[in-house]
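Right, one structure below, let's go through it.
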Amino acid sequence: ARLAAGRYSQLPNLREMKRADATLNKGVGPQKSWQVICGADLYFGTTERPMKFSVEAYYKWLRDINPYSIDNVRLRYAAANSARGYAAGVDFKLNGELIKGAESWATLSIMQTKEDIGGDGHGSIARPTDQRVQFSMMVQDYMPGNKSITAMLSMFFGSGLPFGPSGSERWQQTSRMPGYKRVDLGLYKDFAIGKDGGQKRRHLRSAKAGVEVFNLFDFANTISHFWVADTEGNKYGVPNYLTARRVNVKLSVEF
């Protein structure tokens, strides 16, 4: 088991001192936090297939926050230390060798972070980084009877982040984007080792050729919104999407 605590102070940069009208507030101070983290590790499995399970919980007291909003992919700061808040969560991780020599892992994170902007009259609201759930895993395996061919499968999921109309106040930016999800698949052949896993080339550690398919199921993941206004001033968000399915051919040599 382990326990740690500390204090963090982050000096502002030029972007954080820049107001919406492009003037600078040189009086902006550091953003500060106090945090406490506790965790533990559990080892199990066999000598040939060791496994490790880790858990960490944390809480951060955030003070003198300089609130920001996201306009498309641009960060716009309030240029004032006008908020206070917190971030709390727990992380779980399981990793080990399901097959000897090939590590696999899975992680689950649950987190909440909120801020209270002084004087806006709306209390605590979700911060732009408030992603409640995040899950990822990666599994590796050999082709049956041929250790020179390996396969890799990875999966990712993240719940939606807060967002709101362009130019709106922070308390209006509490809608949620759709969740992020992706599945990747890779197949690799190592010409430096034999079917039994033994080294075939004395002067080469590995000589791999492979094919990787990213976003295998072609999920349309939203990264931001382009806002369109009608004649009555109502705004409608048109999603901007991340890269669709992509195929990559990989060649690598290690001596």
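The values are calculated or read from the model by the stated rules, or taken from the named source; none is laboratory data. Keep in mind that what you see is a predicted model, and the values were worked out from it rather than measured. When we count neighbours, we look across all protein chains shown, and the Cβ atoms used for this are built from the backbone with ideal geometry, even at glycine. SASA here: full protein model, heavy atoms, side chains in, ligands and nucleic acids out. Shrake-Rupley method; radii C 1.70, N 1.55, O 1.52, S 1.80 Å.
Which residues in the range 151-187 have a backbone N closer than 20 Å to a point placed 7 Å from the Cα of Phe226 along the Cα-to-Cβ line? Flagged as within label range: 163-168, 177-178. Among residues other than Leu24 with Cβ under 15 Å from its Cβ, the summed charge is +3 (Lys and Arg +1, Asp and Glu -1).
In this structure the range 163-255 gives 68 Å² per residue of accessible area when probed at 1.4 Å with all protein chains present.
Reported value for the range 1-86: 138 Å³ per residue, from the convex hull of its C-alpha atoms.
Model label points for Ser168 and Arg74, set 7 angstrom from Cα along the Cα-to-Cβ axis, are 1.9 nm apart. Counted by Cβ distance under 15 Å from Asn221, the other residues give a net charge of +3, where Lys and Arg count +1 and Asp and Glu count -1. On a per residue basis, the range 1-48 carries 78 Å² of accessible surface, using protein heavy atoms and a 1.4 Å probe. In the range 1-53, the portion of solvent-accessible area held by carbon and sulfur atoms comes to 60 percent [1.4 Å probe, whole percent, DNA, RNA and ligands not counted]. Per the Debye formula on identical point scatterers at the alpha carbon atoms of the range 1-160, with no solvent, log10 I(q)/I(0) at q = 0.10 Å⁻¹ is -0.56. May I ask you to give the percent of accessible area on the range 151-255 that is carbon plus sulfur, with a probe radius of 1.4 Å? Roughly 59 percent of what the probe reaches on the range 151-255 is carbon or sulfur.
Within the set of other residues whose C-beta is less than 13 Å from the C-beta of Pro50, count the net charge using Lys and Arg as +1 and Asp and Glu as -1. Result for the neighbourhood of Pro50: -1. On the beta carbon distance between Thr107 and Arg246, with R0 = 22 Å, the FRET formula returns roughly 0.40.
Decide, for the range 69-133, between rounded, prolate and oblate: order the square roots of the alpha carbon gyration tensor eigenvalues as a ≥ b ≥ c, take rounded if a/c falls under 1.5, and otherwise choose prolate if a/b is larger than b/c, else oblate.
Taking the square roots of the gyration eigenvalues as a ≥ b ≥ c, the range 69-133 is prolate.
Dividing the mean sequence gap of close Cα pairs (under 8 Å, 6+ apart) by how many residues the chain holds gives a relative contact order of 11 percent. The calculated FRET efficiency for the pair Ile99 and Tyr59, based on their C-beta separation and a Förster distance of 45 Å, comes to about 0.75. What the Cα atoms of the range 125-235 give is an Rg and a Dmax of 22.5, 74 Å. At full extension, Met51 and Asn25 could sit 4.2 nm farther apart than now, given 0.36 nm per residue minus the alpha carbon distance. A Stokes-Einstein calculation at 20 °C with viscosity 1.002 mPa s, built on the Kirkwood radius of the range 148-212 over Cα pairs, returns a diffusion coefficient of 137 µm²/s.
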